[in-house]
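The values are calculated or read from the model by the stated rules, or taken from the named source; none is laboratory data. Every value quoted in this text rests on a predicted model; they were computed, and no experiment measured them. So basically every Cβ, Gly included, is an ideal-geometry build from the backbone, and we count neighbours across all protein chains shown. To get the accessible areas, we keep the full protein, side chains included, count just its heavy atoms, and leave off ligands, DNA and RNA. Shrake-Rupley method; radii C 1.70, N 1.55, O 1.52, S 1.80 Å.
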Amino acid sequence: MNKSDNKAVYYMAYAAVIAAIYVVLTMVFAPISFGPVQFRISEALCILPFFTPAAVPGLFLGCLLSNLLYGAAALDVVFGSLATLIGAVGSYALRRNKWAVCVPPILANTVIIPWVLRYAYGSPDLIPVAMVTVGIGEILAIGVLGNLLLVTLERYKYVIFRNHMA
């Protein structure tokens, strides 16, 4: 196995592990992970593109699988997962500034998810009100928990991500 094959294997393994952790965290905390007022602990993982590009497909697949396994509406599966993908791509693009990494997923989810809640689930909340509630949940999950995770993982990045640094 040559070095490029080895790197591809690490990339797929990191993406799969990130997806699995996302799914597990979402399911363990399912009562607060879904609904008009949600706090997805798994969203803290949205800072991982700071460390590895493998986090981008890993987060997308984790969100997609979580929504499918929980039985989310089709619009939620598609657009909720796309919101996570957009946020992860944005985080990867801003990886040079560790404090900006959390901004794209917070914004993507705050803008997209209220529309999903309205059209997929018939939520009676006004879109701006839903943006506030979703935004607060995202700020807590990504801005607070995610940044705590980032600071913690940064100490061990050369151990955990040594074979696949961004």
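Return the residues of segment 115-166 that are surrounded by fewer than 17 Cβ atoms within 10 Å (Cβ to Cβ) and not in a helix (DSSP H, G or I); say none if nothing qualifies. Passing the criteria: GLY122, PRO124, ASP125, LEU126, ARG155, TYR156, ARG162, ASN163, MET165, ALA166.
Residues in segment 101-114 that are open to solvent by 20 Å² or more (accessible area, probe 1.4 Å) and β-branched (Val, Ile, Thr): VAL103, ILE106, THR110, VAL111, ILE112. Here TYR11 meets the list (1) surrounded by 22 or more Cβ atoms within 10 Å (Cβ to Cβ); (2) in contact (Cβ under 8 Å) with a residue 60 or more places away in the chain almost entirely, failing just condition (1). Within segment 15-44, residues that are under 16 Å from GLY71 (Cα atoms) sit with their Cβ atoms under 6 Å from residues that are of a type outside the set (D, E, K, R) and outside any helix (DSSP H, G or I), at 6+ positions apart or across chains, in these pairs: ILE32/PHE39; PRO36/SER123.
Condition first: part of a helix (DSSP H, G or I) and open to solvent by less than 30 Å² (accessible area, probe 1.4 Å). Now tell me which residues in segment 90-100 satisfy that.
GLY90, SER91
Checked against (1) in contact with a Leu (Cβ under 9 Å, 6 or more places away or on another chain); (2) open to solvent by 50 Å² or more (accessible area, probe 1.4 Å); (3) within 30 Å of LEU126 (Cβ to Cβ), LEU68 passes all but condition (1).
Kindly evaluate PHE60 against the criterion of being under 23 Å from ARG118 (Cα atoms), at pLDDT 90 or above and open to solvent by 60 Å² or more (accessible area, probe 1.4 Å). Full working, then the answer.
Values: under 23 Å from ARG118 (Cα atoms): yes; at pLDDT 90 or above: yes; open to solvent by 60 Å² or more (accessible area, probe 1.4 Å): no.
It is false that PHE60 is under 23 Å from ARG118 (Cα atoms), at pLDDT 90 or above and open to solvent by 60 Å² or more (accessible area, probe 1.4 Å).
One residue stands out among those in segment 71-89 that are open to solvent by less than 20 Å² (accessible area, probe 1.4 Å) and under 11 Å from the mean Cα position of the chain (by Cα): the one that is farthest from GLU154 (Cα to Cα), which is GLY80. Within this structure, ALA20 passes the test of being among the aliphatic types (A, V, I, L, M), surrounded by fewer than 19 Cβ atoms within 10 Å (Cβ to Cβ) and under 14 Å from the mean Cα position of the chain (by Cα).
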